[in-house]
Amino acid sequence: MCTVVIDVAGPDTARLLAVRDEDPLREWDALGEWWPDAHPGVSGIRDRRAGGAWLAVNPAERRLAVLLNRADVVDLADDVAVSRGSLALESVAGRSPIAPLPMHGFNLLEVRPEGSRVLSWDGAELRETPISDGIHMIAHDDLDDSETPRIAAWLPEFRALGPAADSADWNGEWISLLASSALLDPEDDRAIIRDNRPHGYPTQSLLYCTASVTPAGVEVDYHALPSPAHWDH
């Protein structure tokens, strides 16, 4: 139940804030080049258990991808499901998923020179949603889904900040707003910094990244939270 806020400004420019929710017992490695043989030049946040990535970036090709979970509409046994951790790595190499997929549901956000988009898999259908210019938000449902409480609560607030490209400190402004959102109880379904256990999932917010992809290059900043589901900066 991760969260991404993204501001698209043309086909080759995007700025984003991504918050990762995961089981705190599932260890990970901070942003780094963990796949030098299979994916040279690619940096990402590595899941130690399966070896894949939650967020990956290929600076040379100005590609970035973030993986978010999504509910299945059909049953897929865990013992036959393939890890989704390869998706972000393959995406930034220019290889997007093709249905059918032996994987649980996901939203894969892709920032590419050709334009930003979300690929959504629910176990039965793979859908593409192009991301138009402006500020958008996605979690475990559709892009800008007003039925998702955190999107309904915070998308208007991010949009009220104005275009990120017009600000000299857009990431500071977005992080300040994220800090404001953390005044909510992490169990509140409107929260971005979250404790999802009351909602039936073992996941909690563990880290966040800000990133910019522009014709001038790619920048990613990684920040681990001091403890799961808690903001204390």
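Being part of a helix (DSSP H, G or I) and in contact (Cβ under 8 Å) with a residue 12 or more places away in the chain is the filter; apply it to the range 181-208 and report the residue that is surrounded by the fewest Cβ atoms within 10 Å (Cβ to Cβ).
Ranking the qualifying residues of the range 181-208, first place goes to HIS199.
If you check ALA71, ALA81, ALA65, which single one turns out to be at pLDDT 95 or above and either small (Gly, Ala, Ser) or not in a strand (DSSP E or B) (or both)?
Only one candidate passes the filter, namely ALA65.
Can you tell me which residue is farthest from LEU206 (Cα to Cα) among those in the range 4-42 that are outside any loop (DSSP other than H, G, I, E, B) and open to solvent by 20 Å² or more (accessible area, probe 1.4 Å)?
Among those residues, the one meeting the criterion is ARG15.
With SER96, SER86 as the choices, which residue is under 19 Å from VAL213 (Cα atoms) and at pLDDT 95 or above?
The match here is SER96.
Scan the range 38-78 for residues that are touching a residue at least 24 places away in the same chain (Cβ under 8 Å), farther than 17 Å from PHE106 by Cα and of a type outside the set (Val, Ile, Thr) and jot them down.
Across the range 38-78, the qualifying residues are ALA38, HIS39, SER43, GLY44, GLY51, ASN58, PRO59, GLU61, ARG62, ARG63.
Which ones in the range 125-180 are polar (S, T, N, Q), out of contact with any helix residue (DSSP H, G or I) (no Cβ under 9 Å at 6 or more places or on another chain) and either in a helix (DSSP H, G or I) or at pLDDT below 95 (or both)?
Hit for the range 125-180 is SER176, nothing else.
Among LEU161, LEU143, which is touching a His at 6+ places or on another chain (Cβ under 8 Å), open to solvent by less than 80 Å² (accessible area, probe 1.4 Å) and touching a residue at least 12 places away in the same chain (Cβ under 8 Å)?
From the options LEU161, LEU143, the qualifying one is LEU143.
Assigned to a loop (DSSP other than H, G, I, E, B) and basic (Lys, Arg): is that true of ARG95 in this structure?
Answer is yes for this residue.
The values are calculated or read from the model by the stated rules, or taken from the named source; none is laboratory data. Just so you know, these numbers come straight off a predicted model, no measurement behind them. Methodologically, a virtual Cβ is constructed for each residue, glycine included, from the backbone with ideal geometry; neighbour enumeration extends over all protein chains shown. Note: areas computed on protein heavy atoms with side chains; ligands, DNA, RNA excluded. Shrake-Rupley method; radii C 1.70, N 1.55, O 1.52, S 1.80 Å.
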